[in-house]
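Structure first, then comments.
No value in this document is a laboratory result; all are computed from the given coordinates. No experiment lies behind these values; they were computed from the predicted model shown. Quick reminder, even Gly has a Cβ in these numbers, built from the backbone with ideal geometry, and neighbours come from all protein chains shown.
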Amino acid sequence: MAALDAALTHVRSHHDAYLEQLTTLLAIPSVSTLSEHRPDILRTAEWLRDALNCVGMTRAELMPTPLHPMVYAEWLGAPGKPTVLVYGHYDVQPADPLDEWDSPPFEPTVRGDCLYARGVSDMKGQIFAQIKAVEALALQGKLPVNLKYLLEGEEEIGSPSLDAFIEAHRDLLACDFVLNCDSGILAPDLPSLVYALRGLAYFELEVRGPGKDLHSGLFGGSVHNPAQVLCELVAGMHDADGRVTLPGFYDAVVPLDDEERRQIARWPMTDDAWRAMTGAPRLWGEAGYTTLERVGGRPTLEVNGLVSGFIGEGAKTVLPARALAKLSCRLVPEQDPAAIKSMLEHYLAENTPNTVTWRLRELSHGPGALMDRHAAPVRAAAKALKDVFGMEPVFRREGGSIPVVGVLQEKLGVESVLLGFGLPDDSIHGPNEKQHLPTLFKGIETYVRFLAGFQA
Ligand code: BES
Ligand code: MN
């Protein structure tokens with residue numbers, strides 16, 4: 001108990017130092033999707049390796065993958081105690097659109113109660129908070145649990161190296177449970193725990209017509225325009241009720257039960273507030289479900305990008321040779337990404353006219369995950385949240401995806417606890433990403449209490 005109090009006191013007296021250190025981590029633009037940032041990815045991994053060394057890990061190193069390295073670290077000095085595998089990702093999304101940022105994305109800036117920078121909420125701030133909690137505990141003596149760290153640099157591009165890495169390092173990663181920090185709570189005064197994540201299946205659809213771009217006057221009306229065909233195909237993927245039309249798309253979906261619908265309804269979020277977060281004129285979605293049910297518990301098909309023809313300034317009379325759509329499906333945990341791919345192929349085979357050709361490429365896929373709300377580590381997290389925030393957390397499903405959760409369930413048979421301190425309006429992946437600092441500091445205290453809870 002004395003150690004816990006001392007650790008919490010340490011945390012409360014170091015907010016300024018934390019802010020300064022976190023700023024140096026955020027200043028490194030570790031954008032995983034852009035190859036010119038490879039050196040930054042490496043520097044970020046090294047920053048974290050060094051930080052983990054500093055808080056007493058007995059091993060901390062970069063481990064190569066075909067793309068960006070994993071940071072692995074461990075401290076196994078508490079035999080008989082649980083071994084916790086801490087997961088995080090140190091890569092970030094690109095910062096575009098740059099001109100919409102009020103301060104440069106990689107020059108972390110405090111405004112009001114918030115720190116603004118790309119990756120501050122998703123999720124360097126969360127990894128940092130967890131490491132600082134370990135530091136505060138380590139300063140009081142022995143840590144209450146054994147720790148392993150797996151920090152990846154490819155989460156934001158669909159974790160392409162993760163499956164093989166976990167497969168090849170089963171023993172190294174063996175643990176009792178996973179503490180996944182890539183998460184958030186509902187509001188500064190409303191703690192929550194995520195027990196389900198959506199999966200993702202991401203595709204590129206290309207439609208080809210003429211062998212090269214043509215003059216739209218000389219040839220228009222004589223060949224089928226691939227941009228038009230692509231739009232018709234994409235438009236046919238939803239019906240007027242907002243449902244996805246691919247045959248079989250909903251077959252595996254388990255309906256939300258009444259208890260889950262009641263839990264979701266406890267979330268004090270109005271449609272108006274949700275609409276305001278999006279900036280859209282009206283909300284839209286699958287008929288028969290509330291906004292929060294759609295986001296947490298229903299699958300979707302989204303158009304992530306469309307490219308065809310002339311998109312420069314002014315007018316160019318062109319009949320394009322090809323059109324491309326980036327499409328992705330958010331899947332509920334029961335849906336299999338491979339099955340979704342065959343449904344799309346089937347739909348395209350049935351509906352594409354023979355005036356064009358098409359090609360579907362899968363860019364990435366990851367499983368969803370459903371976690372046991374009653375598992376002991378989840379209960380421990382709920383208690384830590386209650387002790388810090390003064391209120392029982394709400395249990396909820398998350399609309400986003402974190403592939404590692406399902407992969408670790410499948411390959412190692414271990415469950416994850418999702419405990420992180422982002423907020424829904426942090427603008428992750430968008431301009432002016434931020435982290436609410438008082439919530440982050442409470443997060444450090446929550447991690448301290450969570451880990452210290454295994455002391456007994
Ligand atoms: N941290 C997010 C997912 C998330 C968002 C969890 C909000 C909890 C609250 C994660 O980094 C992310 O954006 N994942 C990608 C995964 C994809 C590229 C496979 C996503 O959901 O789009
Ligand atoms: Mn993330």
Within the chain, longest stretch clear of exposed GluC sites (Glu not before Pro) (DSSP loop, no more than 14 other Cβ within 10 Å): 1-312
Radius of gyration and maximum dimension Dmax of region 113-249, Cα, Å: 24.5, 80
Distance in nm between pseudo-label sites at D99 and D336 (7 Å out along the Cβ direction from Cα): 4.8 nm
Under the Debye formula (equal points on every Cα, no solvent term), log10 I(q)/I(0) of region 370-409 at q = 0.14, 0.23, 0.28 Å⁻¹: -0.39, -0.89, -1.02
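If you stretched the chain out fully between E350 and A164, how much longer would it get, using 0.36 nm times the residue separation minus the C-alpha to C-alpha distance?
Result: 63.4 nm gained on full extension.
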Per-selection metrics, region 247-363 (Cα): Rg and Dmax in Å: 18.7, 57
Amide hydrogen neighbours beyond the local backbone of S416, cut-off 5 Å, H modeled: V178
Relative frequency of Cα-Cα separations exceeding 39 Å in the chain, percent: 25 percent
Paired Rg and Dmax values of region 1-82, which use every Cα atom, in angstrom: 16.1, 49
Listed residue pairs exceeding 25 Å between alpha carbons, taken from K81/K124; K81/K132; K148/K326; K142/K434: K81/K124; K148/K326; K142/K434
Shape box of region 140-193 [Cα atoms, principal axes, largest first, Å]: 41, 36, 17
V303 paired with R359, simple spin-label distance in nm, labels 7 Å along Cα-to-beta-carbon: 2.2 nm
H429-A6 FRET efficiency (beta carbon distance; Förster radius 30 Å; 0.05 resolution): 0.20
Projected-area mean, region 198-265, by convex hull of Cα positions, square nanometres: 7.8 nm²
Approximate spin-label separation Y250-K383, in nm, with each point projected 7 Å along Cα-to-Cβ: 4.2 nm
For region 74-177, alpha-carbon Rg relative to the globular expectation (2.2 N^0.38 Å, N residues): 1.33
Net lengthening on full extension, A456/C54 (0.36 nm per residue, minus Cα-Cα): 142.1 nm
Value in Å of the Kirkwood radius, where region 68-112 supplies the Cα pairs that are averaged: 14.9 Å
Convex hull projection area averaged over all views, region 310-430, Cα basis, nm²: 12.1 nm²
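Roughly speaking, what is the stretch gain from T317 to L190, that is 0.36 nm per residue apart minus the C-alpha to C-alpha distance, in nm to one decimal?
Net length gain for the segment: 40.2 nm.
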